[in-house]
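Asks: Here you go, one structure.
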Amino acid sequence: MYLESIKSPSDLKNLSVSQLKELAKKIRETIVETVSRNGGHLSSNLGVIELTIALHHVFNSPVDKIIWDVGHQSYSHKILTGRYEKFSTLRKYKGISGFPKRQESEHDTFGTGHSSTSISAALGIIEGRDKNKEDFKVIAVIGDGAMTSGLAFEGLNNAGHLKKDLIVILNDNEMSISKNVGALSAYLNRILTGEFYRKFKKETKSFLESIPKLGVPAAKIAQKTEEMLKGIFLPGIIFEELGFNYFGPIDGHNIELLIETLKRIKTVSSPTLIHIITTKGKGFEFSEKNPSLFHGIGPFKLETGTPINADSLTYSEVFGKTLTELADHDNKIIAISAAMKEGTGLVHFAERHPDRFYDVGIAEPHAVTFAAGLATQGLKPVVAIYSTFLQRAYDEIVHDVCLQNLHVVFAIDRAGIVGEDGPTHSGLFDLSYLRHIPNIVVMAPKDGVELRAMLELALTHSGPSAIRFPRGKIHSAAINHQESVGESPVTFTIGESDVLKDGEDIAILAIGNTVSPALSAAERLENEGVSAMVVNARFVKPFDRNLLLSMTSKIKKIITVEENALEGGFGSAVIELLNDMAIHDVRVRRLGIPDEFIEIGQQSELRKKYGLDEEGIYLAVLSFLKEPTYSH
């Protein structure tokens, strides 16, 4: 079986089960090899290969609509829908996305990248289908981790009410990114120990014992009956109560069984849920043993599964190390993750302080309000969430934390240009969606030392604060694994910026990880006779008013640099402050992300494209200096 021969899902229709199994093997090999070179989401994709083949064998995409929740399990779907020849460009600049993307293929019904949207989207598509008097099936594929989100249950509730022919496939691998917590398993335990089940079990046993010639062995029959109910009947109760027909659980790696099941439910006209059991990382030894590591991984060695270039310390690791050691000396510090313990660097915190670590599952709004509740009791909750996912908790940040001026610290990981995961994961809006909220302090470190100092400052500040930091390595010698966090080598107060280089011709105001290239550009300009001041702003809110007033008495041109959307971002804050301070003779040019969603590519490629690297800042300064200043 050659993957080159599969040009569309229709090519699967006449293949035998043995051929489909061979196809699964080839797809698995292709995905492992490609991700080892490009990086990507390995474990989740290896777990759904057989399911994907079965779906495309039974249904007729793109007429029938398949929606992949989150979307980080869509690699085999891409291979089977005409993108095998481009699969080597996965997550590369100008290549194919690692997530479903409507602009990329008609088979990508709904663009995804965040979790738990599939059921709601699928129901909307069904309603649109019926309004347009069309005829096709709609299938939502959602993992058990994504099912912990409230949005998923909102969709289920509405679907059960409307009684439409939605098909939901629940992919149960007991993992989201970090291992799943609470939720459905706890619900099942409550049923098994509840009054209804105990009464049913007791009455069944009494009935069996009353039958002549059965006697004592009836207890064993009752036990077998109990096990059958636990494994087959009870898992579906919650979905049956929501109005769904329930099938399962079934083996998600058995292609023949999957095809038979899908064919049976294809004609059902009411909401249906198929519960499949899969193994995350299936078929690749290293990902099966450590699915969390291989959930989202950079390039690695095929022979050993060892990540390539993994020696440098990351911002996430500095954050996790610092918070863990600070918590050693302050028992009020609490760490909260939304199913991202590994990604946010909180593994060691969870091991050392398990009673003060909470993984709430894929439930960002709950994480924030939970933290707010903790803060009312005098604790110091630190909510570690990726920038792009924190967007999902905007109302809770405003209403539950900032409005009440509670001491909650937001550690915003993956802020700025994230790179190969593309627009769904880029954290380009947090400065804009946070800085206009009253009471919150918003800051960004230039390196690991400042990250550590900012975390210490945030934990002593009495109100809400946010620290945003980028994805990736800290290349400057700022902090190392052995260094103690007992005493910070740098301290500063809220709103205090740092002049890294004085100058007279122009001022470059940089924030976060743009400080380093700004300083390099200024040093390059110095060699050409341009005197550029470089300011490490540190704080977007509050900004250093005194410094701004001082510098604008002599410098009349300012360039701001940020890895954030220009609309409402750091540069906008500087312009607004100049206006409020009645400073009208200063011109400002802003460098950042324009009003568009950025494409896929390496961080360095995208920073170059948007002029946020040393060369871009250097050229922007030269261009700006040629323009006239304000005249009176």
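Just so it is clear, none of the values below were taken in a lab; they were calculated from the coordinates. All of these numbers come straight from a predicted model, not from anything done at the bench. Don't worry about glycine lacking a Cβ; one is built from the backbone with ideal geometry, like all the others, and counts go over all protein chains shown.
Asks: Name the residues whose placed amide hydrogens come within less than 5 Å of the amide hydrogen of F410, ignoring near sequence neighbours (fewer than 5 apart) on the same chain.
Replies: V383, S465, A466, I467
Asks: Oh, and also: Measuring from label point to label point, each 7 Å out along Cα→Cβ, what is the K554 to E596 span in nm?
Replies: Going from the K554 label point to the E596 one covers 4.0 nm.
Asks: Provide, as a two-decimal number, the C-alpha radius of gyration of region 45-148 over 2.2 N^0.38 Å, N being how many residues it has.
Replies: In units of the globular-protein estimate, region 45-148 measures up at 1.04.
Asks: What is the extension gain from S604 to E241, computed as 0.36 nm multiplied by their sequence separation minus the C-alpha to C-alpha distance, in nm to one decimal? Write down the numbers at each step before the final one.
Replies: Details: separation 363, 0.36 × 363 = 130.68 nm, distance 5.07 nm.
Net length gain for the segment: 125.6 nm.
Asks: Also: Fewest Cβ neighbours within 10 Å first, please rank K341, K626, K13 accordingly.
Replies: K626, K13, K341
Asks: Here is a follow-up. Taking the Cα centroid of region 514-593 and of region 355-421, what is the distance between the two, rounded to the nearest whole Å?
Replies: Each part's Cα centre sits 29 Å from the other's.
Asks: Sort the following peptides by mean Cβ neighbour count (other Cβ atoms within 10 Å, averaged over residues), highest first: 367-373, 162-168, 248-254.
Replies: The peptides rank, most packed first, as 367-373, 162-168, 248-254.
Asks: Take each of the peptides 298-307, 402-411, average the number of other beta-carbon atoms within 10 Å over its residues, and list them starting from the highest.
Replies: 402-411, 298-307
Asks: Right, next: Which percent, to the nearest 5, of DSSP beta bridges fully inside region 315-468 are antiparallel?
Replies: Approximately 5 percent, going by the DSSP bridge assignments.
Asks: Then there is this: Would you grab the residues whose amide H sits under 5 Å from the one on R589? Only those 5+ places off in sequence or on another chain, please, with H modelled 1.01 Å from N.
Replies: Under 5 Å from the amide H of R589: I558, I559, T560.
Asks: Further question on the same structure: For region 497-632, take every pair of Cα atoms, bin their distances at 5 Å starting from 0, and report each bin as a whole percent.
Replies: Pairs per bin, as whole percents: 2, 10, 22, 24, 22, 13, 5, 2, 0, 0.
Asks: Out of all DSSP beta bridges with both ends in the chain, state the antiparallel percent to the nearest 5.
Replies: 15
Asks: When the helices in the chain are scored as -39500 (n - 2.57) per DSSP H run of 4 or longer and the sum is shared across all residues, what 222 nm value do you end up with, to the nearest 500 deg cm²/dmol?
Replies: Rounded to the nearest 500, the figure is -11000 deg cm²/dmol.
Asks: Sticking with this structure for a sec: Tell me, what is the FRET efficiency for K301 and R545 to the nearest 0.05, using R0 = 56 angstrom and their Cβ-Cβ distance as r? Provide the component values of the computation, followed by the final result.
Replies: Values: r = 52 Å, r/R0 = 0.93.
Computed FRET efficiency for K301 and R545: 0.60.
Asks: Rounded to the nearest 0.05, what FRET efficiency is calculated for L619 and N309 with R0 set to 41 Å and r the Cβ-Cβ distance?
Replies: Once rounded, the FRET efficiency stands at 0.90.
Asks: So, one more: Please go through the residue pairs K131/K163; K78/K263; K321/K608; K86/K609; K25/K263 and name each one whose alpha carbons sit more than 26 Å apart in this structure. Write out the running numbers ahead of the final one.
Replies: Working: K131/K163 15 Å; K78/K263 22 Å; K321/K608 31 Å; K86/K609 23 Å; K25/K263 23 Å.
In this structure, K321/K608 lie more than 26 Å apart at Cα.
Asks: If you don't mind, there's one more thing I want to ask. Are there GluC sites (Glu not before Pro) in region 104-143 that DSSP puts in a loop and that have at most 10 other Cβ atoms within 10 Å, and which ones?
Replies: Here the GluC sites (Glu not before Pro) that fit, given the DSSP loop and packing criteria, are E134.
Asks: Taking amide hydrogens as modeled 1.01 Å from N in the peptide plane, which residues meet the under 5 Å criterion relative to Y246, leaving out close sequence neighbours?
Replies: Hits under the 5 Å cutoff: L273.
Asks: Right, another one. How high is the relative contact order of the chain, in percent, counting Cα pairs under 8 Å that sit 6 or more residues apart?
Replies: That works out to 11 percent.
Asks: Still on this structure: Highest mean first, what order results for 107-114, 381-388 on Cβ atoms within 10 Å?
Replies: So the order, starting with the most tightly packed, is 381-388, 107-114.
Asks: Now a separate question. Does region 315-468 come out rounded, prolate or oblate by the C-alpha gyration tensor, with a ≥ b ≥ c the root eigenvalues, rounded set by a/c under 1.5 and, if not, prolate when a/b is larger than b/c and oblate if not? Intermediate results must be reported in sequence, preceding the final value.
Replies: Numbers: a/c = 1.31, a/b = 1.09, b/c = 1.20.
It is rounded, given that a/c, with a ≥ b ≥ c, falls under 1.5.
Asks: Can you work out the FRET efficiency for the pair K263 and E351, with r the C-beta to C-beta distance and R0 = 45 Å, to the nearest 0.05?
Replies: Result of the calculation: an efficiency of 0.45.
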